[in-house]
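One structure, as structure tokens, below. Some questions next.
The values are calculated or read from the model by the stated rules, or taken from the named source; none is laboratory data. Because the structure is predicted, anything quoted here is derived from the model rather than measured. Note that each Cβ is placed from the backbone with ideal geometry, even for glycine, and that neighbours are counted across all protein chains shown.
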């Protein structure tokens, strides 16, 4: 498996007509509300999703990030990782940035279940996470480093860059080429990538996976009581997803 | 101030499968038992909202809180050991039921070969097959001696299975319940395996195939194939675990006092016997001494070894001299396999933790190793455990790890790919061991358990060979793209591999070769027992819980016998 993005994926960008520039800015986040994967118009309540009012979604407010610039950087970075395409919404349309923001404000962000006592030493990669920083501290620094990297490379804010410029920066983070303090940029990127997928596919009660469209794209039916009557069936079962909130 | 409590017959340190089995058997026999569980009370009613991948499978809600205690790790003794700050390679349990709450439920019996591995390997291949760095030894009992205890565990847990494995040890009884349901994926595996002249059989399962009442009168419900087993508790009470079987059995006797939030920090010893344990109430912070006639260590591999080391009981292993047995023979498992990508779509999200088919043709000594530079092998299985969307993002080789192509491929192949995987046996090596860390401490000021471990040449050779066999089956199944697992180099504690840690407190036929005898009674201290997968002198090519359950029943019998007559049981 390759570890970086190559030319072929940029070609894919072109051929699918996803213009990276359209992903700019916080305003667009709201603009993607109600996006429907089948392109058949506005989503409705007929999925039986009891979690939120789909016309408005979960209230969009920030628990962790303090300014819009940082949050937009996070949002655009997650969208590059998990973009909108003909299958359905990307990270922004799925409210992944809000999911990450909320997680960073809680136990996940404060590493409350991790061993965080010193002494801290770098160690070997086989020994894993040895940073003195919490995830919240890593994200905060990482997002600001992304912005600083955009300024230094392109003399623009990250959120004003073309898609391929964003990818260049994210790839540099992924490869550990950007200097961060107390953690490597590769580790931050791995965390960001993982959190993006978590936000796309976690139960909607966490604030991401808006309208269960992450599950719907993937063919995962969410919370189902039993498959005992279907497990032997040779046919693939298309099942409308169900959230835990309907339990 | 430490409060000393009234003395009891037996105290168990930890209440999962082993502590529960010991508690049930001893309390039924009329002994007064106290169970000290450092985690919380939990049971089926607490698992009603368990279909939450993020909370349980990704953030590990049922597992050990590492902020209180973890292990430290290094690949070899020249490296500085550093704490495992996040869960990764293995998932330590915490709370009633221990890791037996969030297991998949695969319940095998180790092979007759395993119990006499040294003797049988030497007989067939000569005494130098692996060389002197590998600390191979026979177990302290044979398969036939352990068979009645296997039978007992399987009846307690209601294990579902067939009797089609030609390599299995002799059984005194059939499986208590019929095998799980056959699925299209499994049928395809079965056909391919048969075409290759292999002998497929259904994975023995503690996800019980039909409602079952065990000999103690506990009911286990029928599995609903919801696909949430490993890392989850079962909301149906359909996955056998201590909290729905042996724990209620013990409680019904009136002889079992189960205490939660009770973390044992020391085994108390006077002369040649132990007198009880000291524990901390993790809520109030109060310290207690629980005196007991018999102390039984029934926690996980690491904690059993740690308590013995902290309490200075037994001689710690020194890799420089080879002396000492406590901490020696730490083993793990290696995971050869092959991923397959298909055009057809499968219901991969449905399943059960132990729903699968497997072959033992390349396990144990079921095939000739004369021309191979390793011994043993692994069971090779296709399991349909239920894949979930955060954890399962399969992509064919050369797909980027993020961006549009990643999204497209990972969504496409979520329901069009699966793996055939083996659990590769792990042989003890002189450089792999457990000891006390000299720097890092737990929440009670005690040293962390330190793990010094790396893969061996035996592991690397086995991995390569078995991965190729898994790929053969995948090819026969008709996969469009087949990706055998990459060859292994150094052990890495970050990615999840398996919670099948073994060794450190091994059983042996003589005091020189292990920590406990074949009743899991400590060689040096007759009223101290220690039962866990730490007793395994090596790790086999199977999940360990079936064999561990059998050892726990053996241990319970030993405790009951000891309580009558005293002295060494062997």
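Residue by residue, here is whether (1) on the phi < 0 side of the Ramachandran plot; (2) buried (at least 17 other Cβ atoms within 10 Å of the Cβ); (3) more than 19 Å from the chain's Cα centre (by Cα); (4) part of a strand (DSSP E or B) holds:
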| position | (1), (2), (3), (4) |
| --- | --- |
| B:431 | yes, no, yes, no |
| B:435 | yes, yes, yes, yes |
| B:463 | yes, yes, yes, no |
| B:467 | yes, yes, yes, no |
| B:470 | yes, yes, yes, no |
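Would you confirm, using the coordinates I've provided, whether residue A:193 is farther than 30 Å from residue A:122 by Cα and either more than 8 Å from every other protein chain (Cβ to nearest Cβ) or in a helix (DSSP H, G or I) (or both)?
no
Within the stretch A:89-106, identify whether any single residue is more than 9 Å from the chain's Cα centre (by Cα), assigned to a helix (DSSP H, G or I) and facing another protein chain (nearest Cβ under 10 Å), and answer yes or no.
Yes - at least one qualifying residue is present in the stretch A:89-106.
Same structure, new question: If you take the residues in the stretch B:150-187 that are touching a helix residue (DSSP H, G or I) at 6+ places or on another chain (Cβ under 9 Å) and not in a loop (DSSP other than H, G, I, E, B), which one is nearest to residue B:227 (Cα to Cα)?
Going through the qualifying residues, I end up with B:157.
To continue, here is another question. Being part of a loop (DSSP other than H, G, I, E, B), surrounded by 20 or more Cβ atoms within 10 Å (Cβ to Cβ) and in contact with a strand residue (DSSP E or B) (Cβ under 6 Å, 6 or more places away or on another chain) is the filter here, so list the residues in the stretch B:366-399 that pass it.
Within the stretch B:366-399, B:384, B:385, B:386, B:394 qualify.
Looking at the stretch B:1-17 only, could you name the residues that are over 22 Å from residue B:273 (Cα atoms), modelled with pLDDT of 95 or more and in a loop (DSSP other than H, G, I, E, B)?
Result: B:15, single match.
Would you check which residues across the stretch B:283-315 are part of a strand (DSSP E or B) and more than 23 Å from the chain's Cα centre (by Cα) and list them?
B:287, B:288, B:289, B:290, B:291, B:292, B:293, B:294
From the list B:35, B:20, which residue is away from chain A (no Cβ under 14 Å), in a helix (DSSP H, G or I) and under 25 Å from the mean Cα position of the chain (by Cα)?
Exactly one of B:35, B:20 is away from chain A (no Cβ under 14 Å), in a helix (DSSP H, G or I) and under 25 Å from the mean Cα position of the chain (by Cα), namely B:20.
Look through the stretch B:215-257, keep the residues that are surrounded by fewer than 24 Cβ atoms within 10 Å (Cβ to Cβ) and part of a strand (DSSP E or B), and return whichever of them is nearest to the other protein chains (Cβ to nearest Cβ).
Residue satisfying both the conditions and the ranking: B:219.
Condition test on residue B:142, is it modelled with pLDDT of 95 or more, closer than 24 Å to residue B:550 by Cβ, out of contact with any strand residue (DSSP E or B) (no Cβ under 8 Å at 6 or more places or on another chain) and surrounded by fewer than 17 Cβ atoms within 10 Å (Cβ to Cβ)? Please lay out each step first, then the result.
Numbers: modelled with pLDDT of 95 or more: yes; closer than 24 Å to residue B:550 by Cβ: yes; out of contact with any strand residue (DSSP E or B) (no Cβ under 8 Å at 6 or more places or on another chain): yes; surrounded by fewer than 17 Cβ atoms within 10 Å (Cβ to Cβ): yes.
Yes; evaluated as a whole, the condition is true for this residue.
Looking only at the stretch B:148-162, decide whether some residue is surrounded by fewer than 20 Cβ atoms within 10 Å (Cβ to Cβ), within 30 Å of residue A:234 (Cα to Cα) and touching a residue at least 40 places away in the same chain (Cβ under 8 Å).
Checking the stretch B:148-162: at least one residue is surrounded by fewer than 20 Cβ atoms within 10 Å (Cβ to Cβ), within 30 Å of residue A:234 (Cα to Cα) and touching a residue at least 40 places away in the same chain (Cβ under 8 Å).
A follow-up question, please. Sort out which residues of the stretch A:50-68 are in a loop (DSSP other than H, G, I, E, B) and at pLDDT 65 or above, and write them in order of number.
A:59, A:60, A:61, A:62, A:63, A:64, A:65, A:66, A:67
Continuing with the same structure: Being over 19 Å from the mean Cα position of the chain (by Cα), without any contact (Cβ under 8 Å) to a residue 24 or more places away in the chain and within 14 Å of another protein chain (Cβ to nearest Cβ): is that true of residue B:187 here?
Yes; evaluated as a whole, the condition is true for this residue.
Looking for something within 14 Å of chain A (Cβ to nearest Cβ), modelled with pLDDT of 95 or more and closer than 30 Å to residue B:168 by Cβ - is there at least one such residue anywhere in the stretch B:407-420? Spell out how you get there, then give the answer.
The initial filter retains those residues of the stretch B:407-420 that are within 14 Å of chain A (Cβ to nearest Cβ), namely B:407-418.
After this cut, where a residue has to be modelled with pLDDT of 95 or more as well, the list is B:407-418.
Pick out the ones that are also closer than 30 Å to residue B:168 by Cβ and you get B:418.
Looking for residues that are within 14 Å of chain A (Cβ to nearest Cβ), modelled with pLDDT of 95 or more and closer than 30 Å to residue B:168 by Cβ, one finds at least one in the stretch B:407-420, hence yes.
Given the condition under 29 Å from residue B:316 (Cα atoms), part of a loop (DSSP other than H, G, I, E, B) and out of contact with any strand residue (DSSP E or B) (no Cβ under 6 Å at 6 or more places or on another chain), answer yes or no: does some residue in the stretch B:547-567 qualify?
Yes, the stretch B:547-567 contains at least one residue that is under 29 Å from residue B:316 (Cα atoms), part of a loop (DSSP other than H, G, I, E, B) and out of contact with any strand residue (DSSP E or B) (no Cβ under 6 Å at 6 or more places or on another chain).
List the number of the failed condition for residue B:134; all other conditions in (1) within 14 Å of chain A (Cβ to nearest Cβ); (2) surrounded by fewer than 22 Cβ atoms within 10 Å (Cβ to Cβ); (3) closer than 20 Å to residue B:452 by Cα hold.
Just one mismatch for residue B:134, condition (1).
Do we find a residue being modelled with pLDDT of 95 or more and surrounded by fewer than 17 Cβ atoms within 10 Å (Cβ to Cβ) anywhere in the stretch A:206-215?
no
Of the residues B:348, B:321, which single one is surrounded by fewer than 24 Cβ atoms within 10 Å (Cβ to Cβ) and either within 14 Å of chain A (Cβ to nearest Cβ) or assigned to a loop (DSSP other than H, G, I, E, B) (or both)? Give the derivation first.
On the way: B:348 fails: surrounded by fewer than 24 Cβ atoms within 10 Å (Cβ to Cβ).
Answer to the check: B:321.
Still on this structure, please answer the following. From the list A:232, A:149, which residue is over 26 Å from residue A:85 (Cα atoms), away from every other protein chain (no Cβ under 12 Å) and at pLDDT 95 or above?
Checking each option against the conditions leaves just A:149.
Ok, one more. For the stretch B:437-461, how many residues are farther than 14 Å from residue B:76 by Cβ and part of a strand (DSSP E or B)?
Matching residues across the stretch B:437-461 total 8.
So which residues in the stretch A:162-178 are part of a loop (DSSP other than H, G, I, E, B) and free of Cβ contacts under 8 Å to residues at least 24 places away in the same chain, if there are any at all?
Selection gives A:176, A:177.
Would you be able to tell me the number of residues in the stretch B:190-214 that are within 14 Å of another protein chain (Cβ to nearest Cβ) and either surrounded by fewer than 22 Cβ atoms within 10 Å (Cβ to Cβ) or not in a loop (DSSP other than H, G, I, E, B) (or both)?
Summing the residues that are within 14 Å of another protein chain (Cβ to nearest Cβ) and either surrounded by fewer than 22 Cβ atoms within 10 Å (Cβ to Cβ) or not in a loop (DSSP other than H, G, I, E, B) (or both) in the stretch B:190-214 gives 7.
Exactly one of (1) assigned to a loop (DSSP other than H, G, I, E, B); (2) more than 7 Å from every other protein chain (Cβ to nearest Cβ); (3) in contact with a strand residue (DSSP E or B) (Cβ under 7 Å, 6 or more places away or on another chain) is unmet by residue A:224. Its number?
All conditions are met except number (2).
Can you report the number of residues in the stretch B:40-80 which are part of a loop (DSSP other than H, G, I, E, B) and either within 8 Å of chain A (Cβ to nearest Cβ) or in contact (Cβ under 8 Å) with a residue 40 or more places away in the chain (or both)?
Filtering the stretch B:40-80 down to residues part of a loop (DSSP other than H, G, I, E, B) leaves B:40-43, B:48-52, B:59-62, B:64-70, B:75-80.
When the remaining residues are screened for being either within 8 Å of chain A (Cβ to nearest Cβ) or in contact (Cβ under 8 Å) with a residue 40 or more places away in the chain (or both), the result is B:40-43, B:48-52, B:59-60, B:62, B:65-70, B:75-77, B:79-80.
Within the stretch B:40-80, residues that are part of a loop (DSSP other than H, G, I, E, B) and either within 8 Å of chain A (Cβ to nearest Cβ) or in contact (Cβ under 8 Å) with a residue 40 or more places away in the chain (or both) number 23.
Kindly indicate whether residue B:91 is surrounded by fewer than 19 Cβ atoms within 10 Å (Cβ to Cβ) and either in contact with a helix residue (DSSP H, G or I) (Cβ under 9 Å, 6 or more places away or on another chain) or away from every other protein chain (no Cβ under 12 Å) (or both).
So residue B:91 does not fit the description; no.
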